[in-house]
Amino acid sequence: MAALGEDLLSTVNKLQDLVFNTIGNDSLDLPQIVVVGSQSAGKSSVLENIVGRDFLPRGSGIVTRRPLILQLINVPDDDIEDSSRVGYRNPNEAGRNEWAEFHHIPNRRFNDFGDVKREIENETGRIAGTNKGISRQPINLKIFSPNVLNLTLVDLPGLTKVPIGDQPTDIEKQTRNLISEYIAKPNSIVLAVSPANVDIVNSEALKLARHVDPLGRRTIGVLTKVDLMDHGTNALDILSGRVYPLKLGWIGVVNRSQQDIQGNKPMEEALKSESDFFRHHPAYRNIATRCGTQFLAKTLNTTLMAHIRDRLPDIKARLNTLMGQTQQELASYGDMHFSGKEHRGSLILQLMTRFATSFISSIDGTSTEISTKELCGGARIYYIFNSVFGMSLESIDPTSNLSALDIRTAIRNSTGPRPSLFVPEMAFDLLVKPQIKLLEIPSQRCVELVYEELIKICHTCGSTELSRFPRLQAKLIEVVSDLLRERLGPASTYVESLISIQRAYINTNHPNFLGAAAAMSNVVSNKQERERKRLIQEERERRERRRLKELGANGTETPEDDEEAVTEKVDPVALRKPAGKAGRSLSPAVREAGHGGIAAALNGARSASPSRLNGQGAGSAKDSFLNYFFGKDGAMVPGAAPHNANIGRHVNQASEPTFSQSIRRPEEKALRSPAQLAPASDEFDFLKAPKGADFGNGGEPAMTDREAMETELIRALISSYFNIVRESIADQVPKAVMHLLVNHCKDVVQNRLVSELYKESLFEELLYEDDAVKKEREKCEKLLQTYREAAKIISEVI
Ligand code: GDP
Ligand code: MG
């Protein structure tokens with residue numbers, strides 16, 4: 001029976017070791033004896049007596065400030081083989097075969113119990129601070145000795161009511177919780193220590209014990225300080241269980257008093273005095289064998305054995321649960337046993353396929369892990385095409401980088417020694433080609449952005465399983481990145497050619513091209529618009545002046561009426577008046593007259609000369625100029641342009657909605673890009689300040705009216721043509737990128753991965769496991785191994 005008991009305890013100790021050393025927690029909930037009681041009840045004293053060694057820090061204040069898990073391990077005595085010598089009084093053998101070990105200092109044997117005490121103090125201070133604070137982190141101490149019975153004991157901080165030092169205000173609650181935690185475990189035996197000199201009714205230990213063990217099944221009552229009871233009183237009622245019945249009974253002890261401790265009374269002596277005390281005390285004489293530390297130790301041992309025997313099936317069941325859980329966790333790391341070569345290959349293939357699938361589905365937007373917070377994958381590509389690329393194309397101003405001077409120079413250069421008779425077509429060709437080049441940067445950027453997006457996608461394709469193999473993951477990303485980079489060249493080259501193609505031939509016959517005639521009318525209408533505004537303004541001023549002069553005349557007219565009136569007067573007349581018959585064959589004299597007319601109108605507008613404010617005159621001047629250019633009546637009249645604008649080879653078809661809108665509705669112009677409107681400021685600045693013109697003759701204005709007109713015309717033509725090309729590029733670049741980059745990569749990614757990485761020689765390297773993940777997995781494996789061992793240990797005893 002005893003042997004079985006020892007076996008059991010050694011089993012539990014083995015399990016405990018296993019648990020402490022490998023698991024580091026008490027998930028197994030092994031049987032142990034937990035000492036509880038109020039501060040100074042004598043808990044540490046009881047433990048010391050059981051161990052038979054003076055090793056616990058003691059004092060009047062709160063000394064035990066961390067749980068101390070004390071494993072007593074009986075080791076055979078070297079000198080005396082007789083196992084019956086196991087007991088508590090081996091006064092002269094101290095240190096020979098006795099030592100202590102702390103879990104936090106592995107492999108160090110403490111032979112001096114004074115050192116043990118100091119280490120407990122240091123270790124307590126290390127975690128709980130030096131000023132009375134407590135910590136729930138336990139200290140693990142093993143005592144190996146031929147003089148101990150195998151026991152696992154837990155010393156806990158005592159309950160205190162009033163916080164002192166660093167103790168938090170809720171120190172009582174904290175301590176109570178800590179104690180409760182230990183004693184609540186059904187595998188704990190509660191050693192409820194109550195001092196005999198305090199009314200048992202006030203025993204904190206019993207209150208705590210009753211809370212977790214209301215039936216008193218696993219509580220042992222320990223009555224300390226029996227020697228300190230008032231004379232004439234004794235603890236027989238309590239010890240017999242009549243006051244407070246406990247199934248496991250009550251045991252009275254006499255520990256060393258504070259005086260004994262200060263006087264360094266040897267433990268052996270103390271134990272002897274205790275035994276003497278009970279044997280000679282009239283009240284306890286008869287129950288002396290069931291009193292004292294020695295009896296307590298034996299009782300604890302047997303109780304623990306019985307308890308363990310009771311608990312082992314539960315522990316075994318618990319072990320099975322733990323093993324199941326650990327096995328499951330281990331499985332989450334994937335199949336680790338790919339020692340076979342086919343095994344490794346198929347694992348790589350599997351991870352590769354998943355990676356490729358994830359890459360493709362991210363692009364297609366069919367991925368299961370679609371973010372709701374930000375655009376990702378395919379949606380990002382769509383966004384790049386439509387918003388980023390689209391916007392950047394839209395924002396290009398096709399003529400803002402062309403100054404009036406540039407345009408005039410181009411016109412002059414293209415016409416050679418003689419001024420062109422017609423629209424300076426060559427100049428347009430010359431100027432529009434570099435402008436088309438403006439589309440190249442945003443187009444190339446579009447390719448790059450999509451490429452970058454694909455790179456990002458391939459970085460997010462890893463799974464948790466794949467993260468186990470960082471090298472494989474890196475390789476997968478590398479191969480896909482290489483593939484993408486490979487395709488970047490062709491995609492970008494193609495896009496470059498798209499722009500070159502556009503520049504190779506300027507198709508002025510494009511149905512949507514504005515054409516010279518419409519452009520001209522655009523220019524004219526802009527001029528007219530400006531001019532009209534001036535005229536209105538001047539007319540208004542004139543009237544105002546007149547009104548001020550001629551008292552009372554037209555006093556009822558409002559400014560709006562004025563404008564209306566002027567509009568009626570100037571605009572329609574100017575625009576609708578049939579033009580003169582003069583055409584291309586006009587004599588230079590007439591041409592000059594035409595120029596003069598325009599110049600007059602412009603100059604007149606600027607100088608505000610009343611004599612030139614004749615709308616009729618301005619209108620005629622323009623008409624003659626238009627006729628000189630295009631030779632047909634009314635062809636350029638904005639209102640009529642959409643219907644009659646089929647004259648000349650640049651003349652637009654009637655189907656040019658945007659432009660006709662733009663010339664018909666001045667308010668819409670404001671919404672259009674400034675470049676699409678003839679920039680008046682350039683022109684007039686130029687007219688005002690012709691300093692840059694080195695080819696002008698002396699005081700002559702550097703840019704003639706005709707040149708100004710032509711410049712604006714060219715601008716309108718460039719804008720119109722540019723818009724056509726822009727539209728085409730906006731359409732073709734995304735298609736090209738999809739075909740040459742995105743779709744191509746989607747199509748070949750799987751094959752590429754296989755051909756690059758599915759190589760027997762690479763398997764080893766690719767399946768190198770991540771250190772952290774590997775550690776986790778190994779920890780898990782070790783844990784499982786421990787549980788298996790524990791289960792084996794248990795199965796040997798039950
Ligand atoms: P703990 O706080 O519960 O661990 O109590 P301790 O074991 O540190 O003891 C508190 C004080 O009570 C110490 O000074 C001990 O010497 C004293 N003490 C403990 N038990 C007895 C006993 O049975 N008799 C006498 N006379 N003093 C005791
Ligand atoms: Mg103590």
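Once you put a point 7 Å from the Cα of Asn177 and another 7 Å from the Cα of Asp314, both along the Cβ direction, what distance in nm separates them?
Output for this residue pair reads 2.4 nm.
Taking 0.36 nm per residue of separation and subtracting the Cα-Cα distance, what length does fully extending Arg542 through Ser761 add? It would help to have the intermediate numbers written out before the result.
On the way: separation 219, 0.36 × 219 = 78.84 nm, distance 9.58 nm.
Contour length minus the Cα-Cα distance gives 69.3 nm.
What is the calculated FRET efficiency for Ser257 to Ala474, with r their C-beta to C-beta distance and R₀ = 60 Å, to the nearest 0.05? Don't skip to the end; give the middle numbers.
Working: r = 71 Å, r/R0 = 1.18.
With R0 = 60 Å, the Cβ-Cβ based efficiency is 0.25.
Under a Cβ-Cβ cut-off of 9 Å, what is the net charge of the residues other than Pro157 that fall near it, where Lys and Arg count +1 and Asp and Glu count -1?
Details: positive: Arg65, Arg66; negative: Asp155.
After counting each charged neighbour, the total is +1.
Might you work out the accessible area of Arg58 for me, using a 1.4 Å probe with all protein chains in place, and round it to the nearest 10 Å²?
Roll a 1.4 Å probe over it and Arg58 shows about 70 Å².
Do the alpha carbons of any pairs in Lys43/Lys132; Lys161/Lys298; Lys456/Lys746; Lys14/Lys272 sit beyond 22 Å of each other, and which pairs?
Numbers: Lys43/Lys132 18 Å; Lys161/Lys298 33 Å; Lys456/Lys746 14 Å; Lys14/Lys272 33 Å.
Check vs 22 Å cut-off fails for Lys161/Lys298; Lys14/Lys272.
How many nm is it between the label spots at Ala283 and Asp406, if each spot is 7 Å from the Cα in line with the beta carbon?
About 11.4 nm, to one decimal.
Would you mind checking which residues have amide H under 5 Å from Leu159's amide H? H placed 1.01 Å from N; only 5 or more apart, or other chain.
When sequence neighbours closer than 5 places are left aside, the close amide H contacts are Gly37, Ser38, Gln39.
In nm, to one decimal, how far is the modelled label at Asn111 from the one at Lys161, with both set 7 Å along Cα→Cβ?
Label-label distance for Asn111 and Lys161, simple model: 4.8 nm.
With r as the distance between the Cβ atoms of Lys433 and Val754 and R0 = 60 Å, compute the FRET efficiency 1/(1 + (r/R0)^6) and round to 0.05. If you can, show how the numbers build up before the last one.
Working: r = 47 Å, r/R0 = 0.78.
Efficiency at R0 = 60 Å is approximately 0.80.
Let me know the shape class of the range 233-370, please: from the alpha-carbon gyration tensor, a ≥ b ≥ c as square roots of the eigenvalues, rounded when a/c is under 1.5, otherwise prolate if a/b is greater than b/c, or oblate.
On the way: a/c = 4.21, a/b = 3.77, b/c = 1.12.
Prolate, since a/c reaches 1.5 and a/b exceeds b/c.
The values are calculated or read from the model by the stated rules, or taken from the named source; none is laboratory data. Note that the coordinates shown come from a computational prediction; the quantities given were computed from them, not determined experimentally. So basically every Cβ, Gly included, is an ideal-geometry build from the backbone, and we count neighbours across all protein chains shown. Note: areas computed on protein heavy atoms with side chains; ligands, DNA, RNA excluded. Shrake-Rupley method; radii C 1.70, N 1.55, O 1.52, S 1.80 Å.
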